[in-house]
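Notes for the one structure printed next.
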Amino acid sequence: MNLPDALAAIGQSHDALHSVLGLFDFMPNIYFYIKDRNLRFLWMNEPLRQHLGVSSVAECIGKEDYDFFSSDLVFLYHQEDNTIIASRRPLLNQPWIVPKRKDQRKWFLSSKIPLFNAAGEVIALAGIMQNLADDLTIAYPFGEMQAVIDYIVAHYQEQISVKKLVALTFLSSRQFERRFRGLFHMSSGDFILKVRIDAALRYLIESDFSITQIALQCGFYDNSHFTRQFKKKIGISPIQFRKKFS
């Protein structure tokens, strides 16, 4: 399905939707896109096209995440996309830590919604990623957690206590956990686990480290603890993931 057909199926005119979508070209630090249910791109706004080196909307149509991103990120993107399509529910304010260079990470806030046709079928999904690393002034109240996120990303290989994270804010322990969960729809402990699993995916694909080495490198107690948490989050074991994607 191409973009005009998708827009018509949603029940909107081609010209009207193009005008509305064009507004996203003027939103700095906002990456906006539409994918069909087969996860092929139908639309990208100008900031996202510039970020990915795409010169026009026509050039992005039919492209897939594999055309732009590493296999570990694609796996996570598709896992999330397919969950939204299957559940028919939006997924809002999800934090993503994305490698920029070997020694740098950028973090984004991602929200995605399913798009339905007149028959109530999910035919596409739309998403935005907000670059919180570059301009926190547009991201309040997420900015108050910047020091916390930075600390987790820098120290995920170590044991991280909630007490240490709370000390980076001006909140009590109870306020901190309530605020963190309210912003990111997960506990601080779940976020730490997410960062560790995401790092492990990169090591499994890009390195020759053993499973035990990766477990220790990513802050897990041992191989068994790592494998158990990895399988719970990803659905397959680290060895199976490496065989499939390495």
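Just so it is clear, none of the values below were taken in a lab; they were calculated from the coordinates. Note that the coordinates shown come from a computational prediction; the quantities given were computed from them, not determined experimentally. A quick note on method: Cβ atoms are made from the backbone with ideal geometry, for glycine too, and the neighbour counts reach across all protein chains shown.
Note that segment 151-159 has calculated 3J(HN,Hα) couplings of 5, 4, 5, 7, 10, 4, 6, 9, 6 Hz, one per residue in order, obtained from phi through the Karplus relation 6.51 cos²θ - 1.76 cosθ + 1.60 (θ = phi - 60°); glycine and proline are x. In the chain, the longest principal axis of the Cα atoms and the axis of helix 223-234 are about 20 degrees apart.
Between residue 70 and residue 89, the contour length at 0.36 nm per residue exceeds the Cα-Cα span by 4.2 nm.
For Cα Rg over 2.2 N^0.38 Å, the candidate list reads (1) 0.93; (2) 1.08; (3) 1.17; the entry that matches the value derived from this model is (2).
Relative to the longest principal axis of the Cα atoms of the chain, helix 173-184 runs at roughly 30 degrees. Evaluating 6.51 cos²θ - 1.76 cosθ + 1.60 at θ = phi - 60° for every residue in segment 185-200, the Karplus couplings come out as 6, 7, 6, 5, x, 5, 5, 4, 4, 4, 4, 5, 5, 4, 5, 4 Hz, glycine and proline recorded as x.
When each of the peptides 176-185, 28-37, 151-160 is scored by how many other beta carbons lie within 10 Å of its residues on average, the order from highest to lowest is 28-37, 176-185, 151-160. Ranked by the mean number of other Cβ atoms within 10 Å of their residues, highest first, the peptides 49-55, 107-113, 197-203 fall in the order 197-203, 107-113, 49-55.
For the options 193, 132, 76, a Gaussian network treatment of the chain with springs between C-alpha atoms closer than 10 Å singles out 76 as fluctuating the most. My understanding is that a pair violates if its Cα-Cα distance is over 22 Å; which of 35/233; 63/232; 106/194; 163/194; 63/112; 106/244 do that in this structure? Beyond 22 Å: 35/233; 63/232; 106/244.
Sequence-ordered 3J(HN,Hα) estimates for segment 22-39 from the Karplus curve with 6.51, -1.76 and 1.60 and θ = phi - 60° stand at x, 4, 5, 5, 9, 10, x, 6, 10, 9, 10, 8, 10, 10, 7, 6, 8, 6 Hz, glycine and proline given as x.
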